[in-house]
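Report on one structure; see the data block that follows.
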Amino acid sequence: MVRQLRPRTIYIGTMGVKEYRATISKHVRPDDVVLEVGCEWGTTTDLIAQVAPDVIGTDISPECIERAREMRPHLRFEAIDAFDMPALLGLGKSFSKIYVDLSGFSGYASLLDLLSLLNMYTYTLQPEAIVVKSRSLKTFAHRCIPWRGEPEAEDAR
Ligand SMILES: C[S@@+](CC[C@H](N)C(=O)[O-])C[C@H]1O[C@@H](n2cnc3c(N)ncnc32)[C@H](O)[C@@H]1O
């Protein structure tokens, strides 16, 4: 029997930048390799770097990346679209944690896009955890209960 790959990635939904950054002390360890997607000028990337020095910040905006590099020359920043998997894989890192903060991705209208992005990261980059700043994801997660069912139902899958 061929067993399907089941990554153990967990998603942590946060609302607002305060919550997003508050996760660092709980979820980031010094030996983590971290990617921040949507880093803007690198404020959160810098906070992550104070716990886990092996961090890269990425953003779709070359202007933001230029400013991040000027403000924080000790950190690595790259201009990459969050959906450009070849470019993210090309960074050549095995990320254990991924932080995602994309403008326009907090509302319900973008939830499907966000879920597909999370799924893509889960199966290609296989991090332990993805921390997301998204009001809709956090609200959605609150409403979800995974049905455990009967033991036979689990076996039948
Ligand atoms: C709210 S800002 C990020 C703030 C930053 N994470 C922090 O904590 O300081 C959102 C960023 O998402 C970036 N962004 C939007 N769409 C993107 C995409 N498809 N790929 C990468 N970055 C994107 C924007 O350029 C913007 O800089």
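Before we move on, is Gly57 at pLDDT below 95, in contact with a helix residue (DSSP H, G or I) (Cβ under 7 Å, 6 or more places away or on another chain) and within 21 Å of Glu40 (Cα to Cα)?
no
Test Ala109 against the criterion of being assigned to a helix (DSSP H, G or I) and either within 16 Å of the ligand (Cβ to nearest atom) or under 22 Å from Glu40 (Cα atoms) (or both), and give yes or no.
Yes: the conditions hold for Ala109.
Could you list all residues from region 120-149 that are under 17 Å from Ala87 (Cα atoms) and either more than 15 Å from the ligand (Cβ to nearest atom) or surrounded by 15 or more Cβ atoms within 10 Å (Cβ to Cβ) (or both)?
Across region 120-149, the qualifying residues are Tyr121, Thr122, Tyr123, Thr124, Leu125, Gln126, Pro127.
Out of the residues in region 21-65 that are of a type in the set (A, V, I, L, M) and away from the ligand (no atom under 13 Å from the Cβ), which is surrounded by the fewest Cβ atoms within 10 Å (Cβ to Cβ)?
Looking at residues that are of a type in the set (A, V, I, L, M) and away from the ligand (no atom under 13 Å from the Cβ), I get Val51.
Residues in region 122-134: is at least one of a type in the set (A, V, I, L, M, F, W, C), free of Cβ contacts under 8 Å to residues at least 60 places away in the same chain and touching a helix residue (DSSP H, G or I) at 6+ places or on another chain (Cβ under 7 Å)?
No, region 122-134 contains no residue that is of a type in the set (A, V, I, L, M, F, W, C), free of Cβ contacts under 8 Å to residues at least 60 places away in the same chain and touching a helix residue (DSSP H, G or I) at 6+ places or on another chain (Cβ under 7 Å).
Return the residue satisfying two criteria in turn: it lies in region 67-99 and is outside any loop (DSSP other than H, G, I, E, B), within 12 Å of the ligand (Cβ to nearest atom) and among the charged types (D, E, K, R), and of such residues it is surrounded by the fewest Cβ atoms within 10 Å (Cβ to Cβ).
For region 67-99, the residue satisfying everything is Arg67.
The values are calculated or read from the model by the stated rules, or taken from the named source; none is laboratory data. All of these numbers come straight from a predicted model, not from anything done at the bench. Every residue, glycine as well, gets a Cβ built from its backbone with ideal geometry; the counts of neighbours run over all protein chains shown.
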